[in-house]
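Read the structure below first, then the notes.
The values are calculated or read from the model by the stated rules, or taken from the named source; none is laboratory data. Just so you know, these numbers come straight off a predicted model, no measurement behind them. Here Cβ is always computed from backbone atoms with ideal geometry, including for glycine, and neighbour counts include all displayed protein chains.
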Amino acid sequence: MDNLRQIDLNLLTVLHALLIEKHVTRAATRLHKSQPAVSHSLALLRAHFDDPLLVRRGGHMELTAKADALIQPLSDTLTRLSGLLGSDRGFDSSNATGRFKLAMSDYATRIVLPRLVKYCRTHAPGIDLAISQVSRDTMLTQLTDGELDLALGLFPDAPNHIRVQTLFMENYISIANENSLPEGRNLSLEEWLERPHILVALRPDSRDEIERALALLGLERRIAVAMTHWGTAIDLLENTDLVLTVASRAIEASERYKNLRRFTPPLELPTFAYQQGWHNRWEHDPAHQWLRQAVVKCSQPIR
């Protein structure tokens, strides 16, 4: 107990933000504090732990070995303290302040994000969201390193320290210009493979679930256009012979394109779970639990 008298416990929340962000300015933003105030706190923390905690290497800040060892026990301790001090109140989203960093695909920014932003503005106006778009592997790395609070995507091979929750099940659907399709029927597999396709992915050389399914059959399709944004991809279909095959909810708004037709892809493609993932250090954090519950609510299909 004597050690507790030697440190202002408010510094522990600053330390936690610094360890997660690995950046003084970003930690200040996360805490809604000024950069000089966080720099001053870092100096006090360095003196208390007799360790630099954050060191500059190669143009960016890295944690020392002692700082890295502090992340998990500090996260656990702050979570327990939060539960102890707020056990009767729970997380008060209406008065909460803070900033969550989320990564999601272009798909989720259209399907989930608009509803999530509206939900936060209504129920948690003091909560800020920082959204990034990165690859699946980068999401997992950033969750591990504390650079992300939450990631939305497909995580079939997530490591044990990443918790995963299914938001909804999805399936693939193809869409093409009506005038380019056979009258009264859909494309056969041979016809589908002969057509030029649009690939929506972060990298033009990505091999997604569709490419993997084709590879199992010893087949491949021609990717005529590779791009990152599915919304623009739909615009390319009108008056062309291109075919787009994407998750079905990605083209819910395609009704406004009167010349386009949806159809089931002529090969067996697996349904898949669209998920949210987070590091287990946040499992019992009340604010993070609120965020995850909000994402679940905002991910359900509109009926």
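Can you pull out every residue in the stretch 26-52 that is under 28 Å from Ala96 (Cα atoms) and touching a residue at least 12 places away in the same chain (Cβ under 8 Å)?
Scanning the stretch 26-52 gives Ala27, Thr29, Arg30, Leu31, His32, Lys33, Val38, Ser39, Ser41, Leu42, Leu44, Leu45.
Run down Ala103, Ala151, Ala124 and say which single residue is out of contact with any Phe, Trp or Tyr (no Cβ under 8 Å at 6 or more places or on another chain), crowded, with 21+ Cβ neighbours inside 10 Å, within 21 Å of Pro286 (Cα to Cα) and not acidic (Asp, Glu).
It is Ala103.
Could you tell me whether Ala224 is in a strand (DSSP E or B), closer than 15 Å to Val243 by Cα, touching a residue at least 60 places away in the same chain (Cβ under 8 Å) and over 23 Å from the mean Cα position of the chain (by Cα)?
No; evaluated as a whole, the condition is false for this residue.
Of all the residues that make up the stretch 90-144, how many are touching a Gly at 6+ places or on another chain (Cβ under 6 Å) and without any contact (Cβ under 8 Å) to a residue 24 or more places away in the chain?
1
Would you confirm whether or not the stretch 252-261 contains a residue that is of a type in the set (Ser, Thr, Tyr) and in contact with a helix residue (DSSP H, G or I) (Cβ under 7 Å, 6 or more places away or on another chain)? Write out each step before concluding.
Step one: of the stretch 252-261, the residues of a type in the set (Ser, Thr, Tyr) are 254, 257.
Restricting the remaining residues to those that are in contact with a helix residue (DSSP H, G or I) (Cβ under 7 Å, 6 or more places away or on another chain) gives 254, 257.
The answer is yes; a qualifying residue exists.
Would you list the strands (runs of 3 or more DSSP E) that sit entirely within the stretch 108-185 and hold 2 or more residues that are of a type in the set (S, T, N, Q)?
Fully inside the stretch 108-185 and qualifying: 162-170, 172-177.
Hey, could you check the stretch 276-303 for residues that are in a helix (DSSP H, G or I) and among the aromatic types (Phe, Trp, Tyr) and say which is nearest to Tyr119 (Cα to Cα)?
Of the stretch 276-303, the ones in a helix (DSSP H, G or I) are 280-282, 286-299.
Applying the additional criterion that residues be among the aromatic types (Phe, Trp, Tyr) yields 282, 290.
Details: Trp282: 21, Trp290: 12 Å.
Top of the filtered list is Trp290.
Taking the stretch 58-85 on its own, how many of its residues are modelled with pLDDT of 85 or more, in a strand (DSSP E or B) and loosely packed, with under 14 Cβ neighbours inside 10 Å?
Summing the residues that are modelled with pLDDT of 85 or more, in a strand (DSSP E or B) and loosely packed, with under 14 Cβ neighbours inside 10 Å in the stretch 58-85 gives 1.
Taking the stretch 14-25 as the region of interest, how many residues are in contact (Cβ under 8 Å) with a residue 24 or more places away in the chain and either of a type outside the set (A, V, I, L, M, F, W, C) or in contact with a Phe, Trp or Tyr (Cβ under 7 Å, 6 or more places away or on another chain) (or both)?
Number satisfying all stated conditions: 4.
From the list Arg292, Arg281, which one is at pLDDT below 85 and either over 19 Å from Phe155 (Cβ atoms) or not acidic (Asp, Glu) (or both)?
On the way: Arg292 fails: at pLDDT below 85.
Just one listed residue meets the conditions, Arg281.
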